[in-house]
Amino acid sequence: MRFDKNLLVKLCKLSGARSIASAVPELRIYEVGPRDGLQNESKFVPTDIKVELIHKLASAGLKNIESASFVSPKWVKQMSDGVDVMNKIKRQPDVNYPVLIPNIKGYEIAKKCNIQEIAIFPAGSEAFSQKNLNCSVEEGLKRFKEVAEQAIKDGIRVRGYVSCVLGCPYEGPISPKAIAKITEEVLDMGCYEVSLGDTIGVGTAGSVRRMMQEVLHVATPDKIALHFHDTYGQGLSNLLAGLEFGIRTVDSSVSGLGGCPYARGASGNLATEDLVYFLYGLGVNTNIDLVKLVEAGRFISNFLAKPTESKVNRAIADRFKNNHDIIAIASCTT
Ligand code: HMG
Ligand code: MG
């Protein structure tokens, strides 16, 4: 299906847009669709489809696209073609294509693919660390420190994740103080920012606030990103809670794809289309072409033969399909 851009009539000037827009002039979106979005899919997505998805996301205006992971293919087969993906994508000079790295072996493989940025991912819970990395939190931190040191020596930027920050599928609630402590350790490794992952999407605005109050004892807001899975539909309100604390980077996944094979009950990430629509409404500049983004979401959902998880994508596509000539897009022009 092709969308005619002329059909878009920008409406909705949401109340409050001016005040939030002046406090949050711009928000950095870190797209995780090609990695987090696809890693949990049982049907193998051919390399060319992954590459085309990355190209479509870049063409929609996304500047940070986590494109592959170099984990053990015995653990996540879907991500086993990381080398081919990284070698096949036509990189745009202003786009960052980070990759996920579990250990020094993965790093050495990725390094040969001309990477500029990696992401490491210790867990905030002991049980999840065992399931996801086959080692304790402490051992994981040791391994990731080795990876980070090597990458920094090689001139490669390092981003850190901490997973299960708002709850663990095996241990339940996680103490905000514990998350602050591990965040500090990850920053001490030289990560330029730490993305706090609600891996199973159980957080609420209240639990985000409690966590942020602790985390901001050890880091300034510019060092923190938020990564929400949207299992309970709380992703956007959780983000709003984060924005109140000065957070300016958020992770999301096109079409709301995502999940972790080792986190029981994890569902898709906050959908990038929903995020962009939300930000337009707040008057926050994203420089994303929502129509192209919706097309990228349709492309991958159609390939996977599953409905999109993004309500914005569904609403926009339905309007076009039914030939309605008006579509409500929250406008960033106030
Ligand atoms: P292990 O089995 O303990 O590792 O797994 P091992 O060192 O014993 O190696 C086992 C085999 O894998 C060996 O092969 C290794 O060579 C090979 P064999 O000798 O049997 O033929 N191997 C590798 N091959 C290629 N690349 C590698 C690699 N490493 C080992 N890098 C390991 C330990 C960490 C490797 C494993 O547990 C693993 O790969 N885990 C990753 C699981 C994963 O990808 N989870 C999803 C990502 S995390 C996430 O989604 C959360 C996040 O989005 C944030 C949030 O939502 O909160 C980031
Ligand atoms: Mg995730």
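The values are calculated or read from the model by the stated rules, or taken from the named source; none is laboratory data. All figures in this text were calculated on a predicted structure; none of them were measured in a lab. Ideal geometry is used to build each Cβ from the backbone, glycine not excepted, and the neighbour counts take in all protein chains shown. Please note that ligands, DNA and RNA were not included when accessible areas were found on the heavy atoms of the full protein model with its side chains. Shrake-Rupley method; radii C 1.70, N 1.55, O 1.52, S 1.80 Å.
Sub-7 Å Cβ pairs linking a first residue in the range 80-92 that is closer than 19 Å to residue 108 by Cα to a second residue that is hydrophobic (A, V, I, L, M, F, W, C) and assigned to a loop (DSSP other than H, G, I, E, B), at least 6 apart or interchain, are 82/70; 83/113; 86/113; 86/115; 87/113, ordered by first then second residue. Would you pick out the residues in the range 188-211 that are over 24 Å from residue 265 (Cα atoms), away from ligand 2 (no atom under 16 Å from the Cβ) and open to solvent by less than 30 Å² (accessible area, probe 1.4 Å)? Correct list: 189, 191. Say we look at the range 62-84 and pick out the residues that are within 14 Å of ligand 1 (Cβ to nearest atom) and among the β-branched types (Val, Ile, Thr); which of these is farthest from residue 253 (Cα to Cα)? Here the residue is 83. Assessment of the range 108-122 against the conditions (open to solvent by 80 Å² or more (accessible area, probe 1.4 Å) and within 17 Å of residue 76 (Cβ to Cβ)) yields no matching residue. Criterion applied to 127, 148 was being under 18 Å from residue 66 (Cα atoms) and not in a loop (DSSP other than H, G, I, E, B), and the one residue passing it is 148.
The set of residues in the range 59-104 being assigned to a loop (DSSP other than H, G, I, E, B), within 16 Å of ligand 2 (Cβ to nearest atom) and aliphatic (A, V, I, L, M) consists of 71, 76, 101.
Residue pairs whose Cβ atoms lie under 6 Å apart, separated by 6 or more positions or on different chains, with the first residue in the range 200-214 and modelled with pLDDT of 95 or more and among the acidic types (Asp, Glu) and the second assigned to a helix (DSSP H, G or I) and surrounded by fewer than 16 Cβ atoms within 10 Å (Cβ to Cβ), are 214/177. Within the range 237-288, restricting attention to residues that are polar (S, T, N, Q), away from ligand 2 (no atom under 16 Å from the Cβ) and farther than 17 Å from residue 209 by Cβ, the residue that is surrounded by the most Cβ atoms within 10 Å (Cβ to Cβ) is 286.
Within the range 86-116, the set of residues being away from ligand 1 (no atom under 12 Å from the Cβ) and touching a Phe, Trp or Tyr at 6+ places or on another chain (Cβ under 9 Å) comprises 86, 89, 91, 96, 113, 115, 116. Aliphatic (A, V, I, L, M), touching a residue at least 24 places away in the same chain (Cβ under 8 Å) and not in a strand (DSSP E or B), is that true of residue 158? Here the answer is no, as residue 158 does not meet what is asked.
Mind checking whether some residue in the range 157-164 is away from ligand 2 (no atom under 14 Å from the Cβ), open to solvent by less than 20 Å² (accessible area, probe 1.4 Å), under 20 Å from the mean Cα position of the chain (by Cα) and not polar (S, T, N, Q)? Yes, the range 157-164 has at least one match.
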